[in-house]
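Beneath this line is the structure, given in structure tokens, with notes to follow.
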Amino acid sequence: MTQQARAWLTGARSVCVLTGAGISAESGVPTFRGAGGLWREYRAEDLATPAAFRRDPKLVWEWYDWRRGLVRAARPNAGHEALAEFERRRPEGFTLVTQNVDGLHERAGSLRVHRLHGSLWIVRCTGCGNESWDERVPLPGLPPRCDACGGMLRPGVVWFGEVLPEDALDAAVAAASVCEVMVVAGTSAVVYPAAALVPLAKRAGARVIEVNVEETPASGLADVSLRGASGTVLPLILL
Ligand code: APR
């Protein structure tokens, strides 16, 4: 099955890869669902919604500050690195779409990453809307304040119930619609609209390769489901 997946990838003129939290699991960054997932310990409604932020911005920021610290201490793994190398070898006809906010794809060397859910490192002012990149860990005061207007900053991530960044979503939909092969790696494929990219690609005629340690709703659509850790499987099929 690995050989088949590899052959499809080698022969494809256009490849789209969708990643999720599982690809960073081997870097020590906790996933949201599945074993050790954050949503088993915390309630998403308390931490990752606009309502939660309105209710208790300090609590929400403490959680993001903690995750920023975890990610800062983590390093990209062989899965991220394989994707970065794949892009270097064939910059045309390759689109990387991620639901991750950790920035590990970029740190591994991926140059064009379409981030559907924003970034842990972006902060956005709830007052003037100013956005900036802030890698300080820990942040000096919680909730942090805008240098320009003094308004409260919020994490530059997409919370439940929020709209995805249009440019990233457009690029993802365009790539999913034309790719000959889609690789779906390390995502539970339950969060929309990201999860809808898989049936979209499938309907458009793509071969779908899933890489995951367990079965997901995307498994039924996959032409090949590779059960294993992305850090092991991705180098085997991409390089
Ligand atoms: N290799 C491959 N897959 C793995 C690995 C691994 N080493 N470890 C875990 N997985 C799989 C799990 O089996 C699970 O299917 O990764 C998936 C992680 O799923 P989620 O935690 O739901 O992550 P994701 O799909 O990215 O979540 C989507 O939900 O809460 C939100 O905004 C958050 O972007 C996130 C979105």
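Here is how the numbers come out for the structure above:
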{"quantity": "When residues of region 176-199 are limited to those that are farther than 15 Å from Q99 by Cβ and open to solvent by 10 Å² or more (accessible area, probe 1.4 Å), the one nearest to the ligand (Cβ to nearest atom)", "calculated": "P199"}
{"quantity": "Qualifying residue in region 86-109 (condition: among the acidic types (D, E), in contact with a Ser or Thr (Cβ under 8 Å, 6 or more places away or on another chain), more than 24 Å from P143 (Cα to Cα) and open to solvent by less than 30 Å² (accessible area, probe 1.4 Å))", "calculated": "yes"}
{"quantity": "Test set (1) outside the structural domain of V190 (by TED's automatic domain parsing); (2) more than 10 Å from the ligand (Cβ to nearest atom) - F94 fails condition number", "calculated": "(1)"}
{"quantity": "Breaking point among (1) under 19 Å from V60 (Cβ atoms); (2) buried (at least 16 other Cβ atoms within 10 Å of the Cβ); (3) more than 15 Å from the ligand (Cβ to nearest atom), for A171", "calculated": "(1)"}
{"quantity": "Residue check for V211: over 27 Å from E87 (Cα atoms) and open to solvent by less than 10 Å² (accessible area, probe 1.4 Å)", "calculated": "no"}
{"quantity": "Region 1-52, residues that are within 8 Å of the ligand (Cβ to nearest atom), modelled with pLDDT under 95, in a helix (DSSP H, G or I) and open to solvent by 20 Å² or more (accessible area, probe 1.4 Å)", "calculated": "W39"}
{"quantity": "Count of residues meeting criterion [of a type outside the set (V, I, T) and either at positive phi or surrounded by 20 or more Cβ atoms within 10 Å (Cβ to Cβ) (or both)] in region 54-64", "calculated": "2"}
{"quantity": "Residue within region 150-158 that is open to solvent by less than 10 Å² (accessible area, probe 1.4 Å), within 16 Å of the ligand (Cβ to nearest atom) and of a type in the set (D, E, K, R) present", "calculated": "no"}
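The values are calculated or read from the model by the stated rules, or taken from the named source; none is laboratory data. Here the structure is a predicted model, which means the values were calculated and not measured. Glycine gets a Cβ as well: all are built from the backbone with ideal geometry, and neighbour counts include every protein chain shown. Note: accessible area is taken over every heavy atom of the protein model, side chains too, but ligands, DNA and RNA are not part of it. Shrake-Rupley method; radii C 1.70, N 1.55, O 1.52, S 1.80 Å.
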